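The values are calculated or read from the model by the stated rules, or taken from the named source; none is laboratory data. Since the structure is predicted, the reported quantities are computational estimates derived from the model, not experimental observations. Neighbour counts are summed over all protein chains in view; Cβ atoms, including those assigned to glycine, are modelled from backbone coordinates with ideal geometry. Side chains included, ligands, DNA and RNA excluded: accessible areas come from the protein's heavy atoms. Shrake-Rupley method; radii C 1.70, N 1.55, O 1.52, S 1.80 Å.
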Amino acid sequence: MHWTLPNILTVLRLAAAPAVPLMFLYWARPYADIAALVLFLTAAVTDWFDGYLARAWKQETKIGTMLDPIADKAMVVIALMVIAAYSSFSAWVVLPATVILFREVFVSGLREFLGDVAGTLKVTKLAKWKTTLQMVAIAVLFGQGIFEHYFGMWSMGMDPAIIGAVLDGRESDELGLVPMYRGMFWSGYVGLILLWIAAALTLITGWDYFRKALPHLKEDG
C-alpha cells in the first residue's frame with residue numbers, strides 16, 4: 001500500500017468508524033455525543049479532502065479507490081446503529097436506517113457478483129451527495145443528544161409545571177432551559193428530515209445501480 005496523505009486520511013476515517021460505539025460504551029454522555037459529533041464532522045471534511053488531494057496531486061491508487069467508499073459506509077452504518085439504539089429504536093429512525101442499510105448490502109452484493117464488470121457501478125455524483133447528506137444528518141442527530149442531555153440535567157428535579165412555564169415564557173429562564181430545549185427540538189427535527197431525504201436518495205441511487213447491472217444479470221441463451 002502506498003502511504004500517501006489521501007490514503008492515510010482514508011484509513012484514519014475507516015479506523016474511526018468502530019470508535020463511535022466504543023465512545024458510548026466507555027464515555028459518559030454528553031462527552032460521547034460531543035466526540036461522535038466532532039468525529040463525524042472531521043470524517044466529512046476528510047472525505048472531501050482525500051479525494052481532492054488524490055486528484056490534485058495525482059496520487060489516486062487502487063487501494064484508496066477501494067477503501068474510500070468502504071470507510072464512508074462503515075461510518076454511516078455503525079453510527080446509524082448507535083443512533084437507533086439510543087433513540088429506543090424509534091420507527092422514525094429505524095425505518096430510514098433500514099432502507100440505508102439494505103441498499104448498502106444490496107449494492108455491495110451486486111458489485112461482488114459482477115466481479116470484473118463491477119466498473120459499470122461507478123459512484124455517481126448523486127451517490128456522493130447521498131453519502132454527504134447521510135453524514136450531515138447523523139452529525140445533527142448526535143448534536144441532538146448533547147442538547148437533550150443538558151436540558152435533562154438542568155431541569156432535573158424541577159416541577160413539570162414550572163418547566164412548562166419557563167418554556168412558555170411565563171417564568172424567567174435563569175438556567176438556560178429554553179435554548180437547550182430549542183436546540184434539542186430543532187436538531188432532532190432537522191436531523192430526521194435530512195435522514196429521510198438521505199434514505200430517499202439511497203433508494204434512487206440503489207435503483208440506478210440495479211438498472212445498470214441488469215444487462216449482466218440476464219441468463220445466457
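Considering only segment 59-76, state which residues are of a type outside the set (Val, Ile, Thr) and at pLDDT 80 or above. I'd like the intermediate steps shown before the answer.
Filtering segment 59-76 for residues of a type outside the set (Val, Ile, Thr) gives 59-60, 62, 64, 66-69, 71-75.
Selection gives Leu67, Asp68, Pro69, Ala71, Asp72, Lys73, Ala74, Met75.
For segment 1-89, please list each of the helices (runs of 4 or more DSSP H) lying entirely inside it that holds at least 1 residues being open to solvent by less than 90 Å² (accessible area, probe 1.4 Å), over 19 Å from Lys130 (Cβ atoms) and of a type in the set (S, T, N, Q).
Numbers: elements: 5-16, 19-26, 31-56, 62-86.
The qualifying helices (runs of 4 or more DSSP H) are 5-16, 31-56.
Against the condition in contact with a helix residue (DSSP H, G or I) (Cβ under 8 Å, 6 or more places away or on another chain), open to solvent by less than 80 Å² (accessible area, probe 1.4 Å) and at pLDDT below 90, how does Ala213 come out, does it pass?
When the stated conditions are applied, Ala213 passes them.
What number of residues in segment 156-192 are open to solvent by less than 80 Å² (accessible area, probe 1.4 Å), in contact (Cβ under 8 Å) with a residue 12 or more places away in the chain and either closer than 23 Å to Ile83 by Cα or not in a helix (DSSP H, G or I) (or both)?
Residues in segment 156-192 being open to solvent by less than 80 Å² (accessible area, probe 1.4 Å), in contact (Cβ under 8 Å) with a residue 12 or more places away in the chain and either closer than 23 Å to Ile83 by Cα or not in a helix (DSSP H, G or I) (or both): 9 in total.
Rundown of residues vs (1) polar (S, T, N, Q); (2) without any contact (Cβ under 8 Å) to a residue 24 or more places away in the chain; (3) closer than 26 Å to Glu112 by Cβ, yes/no style:
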site	(1), (2), (3)
His2	no, no, yes
Val11	no, no, yes
Leu22	no, yes, no
Ala35	no, yes, no
Leu41	no, no, no
Phe49	no, no, no
Ala54	no, no, yes
Gly64	no, no, yes
Ile70	no, no, yes
